[in-house]
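To start, the structure under review is shown below, and the notes come after it.
The values are calculated or read from the model by the stated rules, or taken from the named source; none is laboratory data. Fair warning: this is a prediction, and the values are worked out from it, not measured in the lab. Don't worry about glycine lacking a Cβ; one is built from the backbone with ideal geometry, like all the others, and counts go over all protein chains shown. Heavy atoms of the whole protein, side chains included, go into the accessibility calculation; ligands, DNA and RNA do not. Shrake-Rupley method; radii C 1.70, N 1.55, O 1.52, S 1.80 Å.
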Amino acid sequence: MNTTTKTPSKGLATLSILTAASLWGVIGLWNRRLMAAGLSPTSIVAIRNFGCMLLMSLFFLVKDRSVFRVDRRHIKYFLGTGVISVVLFTVCLFTCQKLCSLAVSSVLLYTAPSFVVILSAILWKEPVTKRKVVALVLTLVGCACVCGVFSGELTATAPGILLGLGAGLFYAMYNVFGRYALAHYSSMTVTVWTFLIAGPVSLLLLRPAELLPAFSGTPGLWMIVLGLALFSTTLPYFFYTWGLSGMEPGRASIISSVEVVVTAAAGALVLGEPMTVLTAVGVLCVLAGICILR
């Protein structure tokens, strides 16, 4: 079993989670380009996960092949992180975004910290402290402000709401399955095996007819795919899993809510999306929640 990765200190764990969330926060910039080229959300999910698997596999075939050695009895943990927490999560989220506004899907996704705090209390008897509750409320309110809940711009359907809640639950489950896997393996092994499972399964979502028109009609699209797979998938999952090895899942999930802040900032700075007063208040609420946990 591979357990060689050094567990980070609390400070480094927090920095690692913040880095992961920041890299996830700009995923929309890559997706916008890929969708504009004609790729569907499901095809993007397939390309993203399979591309991530290839990058990780090539790197560790050269650097450290020990990450590929796991006990067959523990494959169930990686089926959890790979199929449930990566594939099903992205399918639910992308489908929710089709049925509801992006604001609704974002708010529903960030019910994930609530699920994590509740599951952690049940599974590992982690205390639900006043500090956690205050931080959780602040981040939920902050996410709602950033996503436009209080501006009356939301649209939702019942199936969309259920899918959004499913996305939040599946997103939260990465912390659960990941913690069980980290009891036996290094963060590198857990991340690699997550995508050794998620990559091939995601290919079931691919629409091959979209590929040739998209890549032939948009020169340099491979660079966008590489950016998505490397900077907004491979690296953040490594950072998040390493940070999770040195921090309670509930705390890690709440801190990762900074992703919403980064998404709002990226939208304003790169895409010219408006930054309203409510958005600014939401950003401050999320940052305040994170500071409380620190």
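Considering segment 157-167, and only residues there that are open to solvent by 60 Å² or more (accessible area, probe 1.4 Å) and not β-branched (Val, Ile, Thr), the residue that is nearest to Ala280 (Cα to Cα) turns out to be Leu165. Check segment 278-285 and report whether any residue there is in a helix (DSSP H, G or I), at pLDDT below 85 and under 25 Å from Ile122 (Cβ atoms). No, every residue in segment 278-285 fails to be in a helix (DSSP H, G or I), at pLDDT below 85 and under 25 Å from Ile122 (Cβ atoms). Entry remark, segment 242-277: residues being within 26 Å of Val133 (Cβ to Cβ) and either open to solvent by 60 Å² or more (accessible area, probe 1.4 Å) or in a helix (DSSP H, G or I) (or both) number 17 in total.
Can you tell me which of Ala268, Ala264, Ala214 is closer than 30 Å to Leu138 by Cα and either β-branched (Val, Ile, Thr) or out of contact with any Pro (no Cβ under 9 Å at 6 or more places or on another chain) (or both)?
On the way: Ala268 fails: either β-branched (Val, Ile, Thr) or out of contact with any Pro (no Cβ under 9 Å at 6 or more places or on another chain) (or both); Ala214 fails: closer than 30 Å to Leu138 by Cα.
Of the residues listed, the single one that is closer than 30 Å to Leu138 by Cα and either β-branched (Val, Ile, Thr) or out of contact with any Pro (no Cβ under 9 Å at 6 or more places or on another chain) (or both) is Ala264.
Counting the residues of segment 32-49 that are assigned to a helix (DSSP H, G or I) and surrounded by fewer than 20 Cβ atoms within 10 Å (Cβ to Cβ) gives 6.
Out of the residues in segment 104-126 that are surrounded by 23 or more Cβ atoms within 10 Å (Cβ to Cβ) and either aromatic (Phe, Trp, Tyr) or more than 15 Å from the chain's Cα centre (by Cα) (or both), state the one that is farthest from Thr157 (Cα to Cα). Break it down into steps so the answer makes sense when it comes.
Quick first cut of segment 104-126, residues surrounded by 23 or more Cβ atoms within 10 Å (Cβ to Cβ) only: 104-110, 112-113, 116-117, 120.
Going one step further and asking which of them are either aromatic (Phe, Trp, Tyr) or more than 15 Å from the chain's Cα centre (by Cα) (or both), we end up with 104, 110, 117, 120.
Working: Val104: 10, Tyr110: 18, Val117: 27, Ser120: 30 Å.
Among them, the one singled out is Ser120.
Considering every residue within segment 57-77, establish whether at least one is β-branched (Val, Ile, Thr), surrounded by fewer than 21 Cβ atoms within 10 Å (Cβ to Cβ), under 20 Å from the mean Cα position of the chain (by Cα) and not in a loop (DSSP other than H, G, I, E, B). No, the conditions are met nowhere in segment 57-77. From the list Thr14, Thr19, Thr7, the one residue that fits, being at pLDDT 95 or above and surrounded by fewer than 22 Cβ atoms within 10 Å (Cβ to Cβ), is Thr19. Looking only at residues in segment 140-155 that are touching a residue at least 12 places away in the same chain (Cβ under 8 Å), part of a loop (DSSP other than H, G, I, E, B) and open to solvent by 60 Å² or more (accessible area, probe 1.4 Å), the one that is farthest from Ser105 (Cα to Cα) is Glu153.
Looking at (1) at pLDDT 95 or above; (2) open to solvent by 60 Å² or more (accessible area, probe 1.4 Å), which is the only condition Val137 fails? The number of the failed condition is (1).
Each row is one residue, and each column tells you yes or no for (1) over 28 Å from Arg33 (Cα atoms); (2) buried (at least 20 other Cβ atoms within 10 Å of the Cβ); (3) not small (Gly, Ala, Ser).
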residue: Tyr174; (1), (2), (3): no, yes, yes
residue: Ala181; (1), (2), (3): yes, yes, no
residue: Ser202; (1), (2), (3): no, yes, no
residue: Met223; (1), (2), (3): no, no, yes
